[in-house]
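Novice: If you scroll down you'll find the structure; I have some questions about it.
The values are calculated or read from the model by the stated rules, or taken from the named source; none is laboratory data. Note that the coordinates shown come from a computational prediction; the quantities given were computed from them, not determined experimentally. Note: areas computed on protein heavy atoms with side chains; ligands, DNA, RNA excluded. Shrake-Rupley method; radii C 1.70, N 1.55, O 1.52, S 1.80 Å.
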Amino acid sequence: MHSDRLPGHPHIAYLGDELFLEETPLSALAQQYGTPLFVYSKTAMLTALAAYQQGFAGRQVQICYAMKANSTLGIIQLFAQAGCGFDVVSQGEMTRVLAAGGQASRIIFSGVGKTRAEMRAALHAGVGCFNVESEAELEVLNEVALGLGLQAPVSIRVNPNVDPQTHPYISTGLKGNKFGIAHERVVQTYQRAAALPGLSVQGIDCHIGSQITQEAPYLDALDRMLDLVEAIEAAGVPIHHIDMGGGLGIDYNGETPPQADALWRKLLARLDARGFGQRALMIEPGRSLVGNAGVCITEVLYLKPGEQKNFCIVDAAMNDLPRPAMYQAYHHIVPLKPRTSPPDTWEVVGPICESGDWIGHDRTLSVQQGDWLAVLSAGAYCMSMASNYNTRNRAAEVLVDGTQAHLIRERESYADQIRLEHLPVLTQ
Ligand code: LLP
């Protein structure tokens, strides 16, 4: 049978006149589970992970999946079973890791606004490390740990002031960002941390941004981190691990980010050259492990040709796929069953009552009402950022493994949505 692979998506291909994910025809899943529907390839996720594992072969590393990219239990379980730890940014995320069978000792807890309650829960659970983001947080964590008679393992997130050359909303390692501790204050902050009895200094951490498509920002950040490690250790505080965060980009629309294995071989060579070859490492990849493993299937509800624009109204919307509305992000949109009739140019939009509810501008598609489309690169930061805006139920999710499909999240119901609300008895 004719097979036509989609560039950048090795696990998605047209076989005959049907779009397949691995060996599963996507139309069968749309039929069975309804739309909008997220579908993920197990092989794509494990292949993406394997690139990191190969890059680190023979080194002491903990790969902590940044689960904010996709926090569904079935996805977490897959990465836990493949040996990953997890980067979490809330007690909610930690709860998910534990519910999916992940180990607390392999969790690192990041985020600029951890509450005391979250710190207590994480200390009770025994998380591996807190990535502390401010001097004020350091003092509070010390107090909370002492209150429980425990010591909190800490790493301090430093802001290396490196431009990751990505969208401003997702660059995090520049001076003007809210993340991390300024370069100039790092050594004294480590000295303070080392003096606090409720803390045990473990490592150093940075994360410079997301959807990074070049290697230079990583090399710059690594050099600055190593300069800092030298300075901190010279001031008498040993650093056991170096955490380089996440951020590696994916191919949404022809971008050519470095491959994880090649990037890490370069970074490891730099570590070796500077005498840090034996140092334990951590990384926090999110998007690059799941982004191109997922698609969102949507049905064409109506076609509305117009004088200025043709609208293709689909049943997925900005509540399911928030990235175009939030970051003007591009996602490929392709038919599940291509038509041979000549294409038109369409604005692909959702049913939500906002002009910002668009999924793709100016797309060349041959479509008819009732067709199914697949929005690609939908594995990361789609379902995890989905909302109930317009009281729309959040979509169902399916994990594909070869010819097998597992429902990993049921479609939300209206009863689920109104369950927590009360109708007060108001005085007339
Ligand atoms: N570590 C920390 C501390 C982070 O803040 C993030 C992402 C990561 C790791 C994982 O980064 P990744 O490997 O996924 O780039 N919603 C945006 C992306 C926000 C990223 C936030 N932090 C989007 O849809 O593009």
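Novice: Picking from Leu373, Leu150, Leu141, which is most flexible by a Gaussian network model of the chain using Cα springs under 10 Å?
Specialist: Leu150
Novice: Enter the accessible area of Val348 (Å², nearest 10), with the probe set to 1.4 Å and all protein chains included.
Specialist: 0 Å²
Novice: If ligands, DNA and RNA are left out, what is the accessible area of Leu420 with a 1.4 Å probe, given in Å² to the nearest 10?
Specialist: Only protein atoms counted, so the area is about 130 Å².
Novice: Once you treat every alpha carbon in the chain as an equal point and sum by Debye, what is log10 I(q)/I(0) at q = 0.07, 0.10, 0.12, 0.14 Å⁻¹?
Specialist: -0.37, -0.73, -1.00, -1.25
Novice: I've got another one for you. For region 239-297, with all protein chains present and a 1.4 Å probe, just round the carbon and sulfur fraction of the accessible area to a whole percent.
Specialist: 46 percent
Novice: Another question, then. So for the chain, if I pair up every lysine 8 or more residues apart or on another chain, how many of those pairs have alpha-carbons under 19 Å apart?
Specialist: Pairs that pass both the separation and distance tests number 4.
Novice: Considering the Cα positions of region 64-217, please state its Rg to one decimal place and its Dmax as a whole number of Å.
Specialist: In Å, with Rg to one decimal and Dmax whole: 15.6, 45.
Novice: Return one whole number: the accessible area per residue of the chain in Å², for a 1.4 Å probe.
Specialist: 43 Å²
Novice: Express in Å², to the nearest 10, the accessible area of Tyr302 obtained by rolling a 1.4 Å probe over the protein heavy atoms while all chains stay in place.
Specialist: Answer for Tyr302: close to 130 Å² accessible.
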